[in-house]
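Inspection log for the structure reproduced underneath, given as structure tokens.
The values are calculated or read from the model by the stated rules, or taken from the named source; none is laboratory data. Bear in mind the structure is a predicted one, so any value in this text is a computation, not a measurement. In this analysis, Cβ positions are derived from the backbone assuming ideal geometry, glycine residues included, and neighbour counts consider all displayed protein chains.
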Amino acid sequence: MDIDKHSNFSEWFSTVLKEAKLVDLRYNVKGFIVILPWAFKTMKLMYSFAEAELEKRNHAPVNFPVVIPESNLIKEEEHVKGFGGEVFWITHAGFNRLEERLALRPTSETAMYPLYALWIKGKSDLPIKMYQSGAVWRYETKATRPFIRGREFLWIETHDAFATKNEALSQVMEDIEILNVFLWDILGIPFIVLRRPQWDKFPGADDTYAADTLMPDGKVLQIATTHMLGQRFSKPFNIKFMDEDGREKFVWQTCFGIGMNRIYAALVAWHGDNKGLIYPFSLSPIQVVIVPIFKENNKEKVLNYARGVYKKLKSKGFRVLLDESEKTPGFKFNEWEFKGVPIRMEIGEKEINNEGVLIVPRDTGIRSFASLNELVDKVSKEGKEMMKRLKEKNWKEFEKSLKSASTFEELKKKLENGGIVRVPFCSLSHGIECYNKIKEELKAEVRGEKVGEGKPKGLKCVVCGKEANHFVYVARQY
Ligand SMILES: [Zn+2]
């Protein structure tokens, strides 16, 4: 397609979304998109991987209503301050005005926690670890962009309750571990987990930890967050348990949001190249596409052979397609390449004579021969090796975008080419003025400090020159 992913990401992304048939943007409500099968099949696979990781760690699925009565939503003061302006309201049902307005959930704390208060009586009812997969709605006022910022988005949210603060804190660490497995091991998306400044946390949380990834234009995108809620919700929602010492105590809570739309955008952005989309083998709706190459005189022979190969792969559980359409082989190559199918197989007279197929991985485009006997093993192996190459490439690129600076001028200079710049900073609780200066003068954000990273010794804040208590990561954001 000849659009460079890095220098012209916006056009690259729009072209891939449209030409690979990932979305239809013609739905007539602003900020709402139609996700098409070629994207949604992959998103469903993403869901199944993420849900499996949650369930491995004892989270149970649950399904709460999408409507939240206004009286629930306003119970936690900061929460309603944070979300109030973004809520879609239902005011009527049929011909009647509702006595109480209903919010379309912008997130589910205030839907779920009144029930948690009923479910939790004694210590034996704890912990509760539940997750819900679905959509939430937020009236975004910033410009919307498919998958990156919309008014309806798909995610998974977990809501956990514990008897002690320590258990809640270790849940936050477990959530980060889940992100490592899901985002990096399975999806191959590089990211960094940062504890957000106090002025930028989830409305109603004690602390917010967020996964930021980089897009090809050098801007960061927040793709998941886990929050230490402490007792900020358990008190207004009266979620208490009778402890062993005979005293009633409020529970400690965490919640965790895995933003599927944005993670999908990051998947497309990280793996794709200037020829289009590249889907990892485990996530592609079609893992292997077989393209038969024939003339009129050997058409039946080639097709029969190709059908045999198709059946063999299908019986082994691969998602495979035999492209028998009337288009030319060259057209088919381009089409499936653009749509990111990880492995293409070419079958012609020569392959039949050699009792094998040609295998072409999407990322390198290098053809190699595989005999029918080794076919199944070779496909699995190629799929794994391709993912390994994609991850290596992504990691190198991500590392290259991580920089550091020790003065404001240096920070300014390093931000020019995008990426994430590490600088010493005074305070994530009280440094809002320094943050504002970075935001106003450099149009960048203080994203927070890296979990587990030590404190700077003898360094000064790049903005105010006072003693630095954190290394923070600064970047331009979506
Ligand atoms: Zn400062």
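Yes/no matrix, rows are residues, columns are (1) surrounded by 21 or more Cβ atoms within 10 Å (Cβ to Cβ); (2) within 33 Å of the chain's Cα centre (by Cα); (3) among the hydrophobic types (A, V, I, L, M, F, W, C):
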| site | (1), (2), (3) |
| --- | --- |
| Y279 | yes, yes, no |
| P285 | no, yes, no |
| K295 | no, no, no |
| V309 | yes, no, yes |
| L321 | no, yes, yes |
| R344 | yes, yes, no |
| E349 | no, no, no |
| I352 | no, no, yes |
| N373 | no, no, no |
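Counting only strands (runs of 3 or more DSSP E) that sit wholly inside segment 161-269, those with at least 3 residues that are crowded, with 23+ Cβ neighbours inside 10 Å are 207-214, 220-230, 252-259.
Candidates are the residues of segment 407-422 that are within 14 Å of the ligand (Cβ to nearest atom) and more than 18 Å from L214 (Cα to Cα); the one that is surrounded by the most Cβ atoms within 10 Å (Cβ to Cβ) is F408. Just one of (1) modelled with pLDDT under 95; (2) assigned by TED's automatic domain parsing to the domain that holds E167 fails for I35. It is (1). As a summary of the residue check, W119 satisfies the conditions (1) touching a helix residue (DSSP H, G or I) at 6+ places or on another chain (Cβ under 7 Å); (2) of a type outside the set (D, E, K, R); (3) touching a residue at least 12 places away in the same chain (Cβ under 8 Å) except for the one numbered (3). With respect to the conditions (1) modelled with pLDDT under 95; (2) closer than 23 Å to N261 by Cα, E78 lacks only one, and its number is (2). From the list L428, L390, the one residue that fits, being assigned to a loop (DSSP other than H, G, I, E, B) and either on the phi < 0 side of the Ramachandran plot or touching a residue at least 24 places away in the same chain (Cβ under 8 Å) (or both), is L428.
Of the set (1) in contact with a Pro (Cβ under 8 Å, 6 or more places away or on another chain); (2) not in a helix (DSSP H, G or I), all apply to R26 but (1).
Taking residues in segment 45-57 that are farther than 14 Å from S282 by Cβ, and partners anywhere that are of a type outside the set (V, I, T) and surrounded by 13 or more Cβ atoms within 10 Å (Cβ to Cβ), the pairs with Cβ atoms closer than 8 Å and at least 6 places apart or on different chains are E51/Y131; E51/S133; L54/Y131; R57/K129; R57/E174.
In segment 446-472, the qualifying residues are those that are within 22 Å of the chain's Cα centre (by Cα) and more than 15 Å from the ligand (Cβ to nearest atom), and the one that is surrounded by the fewest Cβ atoms within 10 Å (Cβ to Cβ) is V451. Output the residues belonging to segment 432-443 that are out of contact with any Cys (no Cβ under 7 Å at 6 or more places or on another chain) and either within 15 Å of the ligand (Cβ to nearest atom) or in a strand (DSSP E or B) (or both). Listed by number, the residues that qualify are I432, E433, Y435, N436, K437, I438, K439, E440, E441, L442. Identify, please: which residue in segment 366-385 is not hydroxyl-bearing (S, T, Y) and not in a helix (DSSP H, G or I) and is, among those, nearest to K311 (Cα to Cα)? Residue satisfying both the conditions and the ranking: A370. In segment 94-111, the qualifying residues are those that are of a type in the set (A, V, I, L, M) and under 23 Å from E77 (Cβ atoms), and the one that is surrounded by the most Cβ atoms within 10 Å (Cβ to Cβ) is A103. In the set F281, F333, only one residue is within 30 Å of S133 (Cβ to Cβ), in contact (Cβ under 8 Å) with a residue 24 or more places away in the chain and not assigned by TED's automatic domain parsing to the domain that holds I223; that residue is F281.
State whether the residues of segment 69-77 include one that is closer than 23 Å to Q253 by Cα and under 21 Å from the mean Cα position of the chain (by Cα). No, segment 69-77 contains no residue that is closer than 23 Å to Q253 by Cα and under 21 Å from the mean Cα position of the chain (by Cα). Applying a threshold of 6 Å to beta carbon distances and a minimum spacing of six or more residues, or different chains, the list of pairs starting in segment 446-461 at a residue that is free of Cβ contacts under 8 Å to residues at least 60 places away in the same chain and ending at one that is part of a loop (DSSP other than H, G, I, E, B) and among the aliphatic types (A, V, I, L, M) reads P456/A468; L459/A468; K460/A468; C461/A468.
If you go through segment 391-406 and keep only what is within 21 Å of the chain's Cα centre (by Cα) and surrounded by 13 or more Cβ atoms within 10 Å (Cβ to Cβ), you end up with K391, K393, N394, W395, E397, F398, S401, L402.
Taking only pairs six or more apart or across chains, which ones have beta-carbon atoms under 7 Å, a first residue in segment 59-81 that is under 24 Å from A168 (Cα atoms) and in contact (Cβ under 8 Å) with a residue 12 or more places away in the chain, and a second residue that is of a type in the set (D, E, K, R) and in a strand (DSSP E or B)? Hits for this filter: H59/K129; A60/K129.
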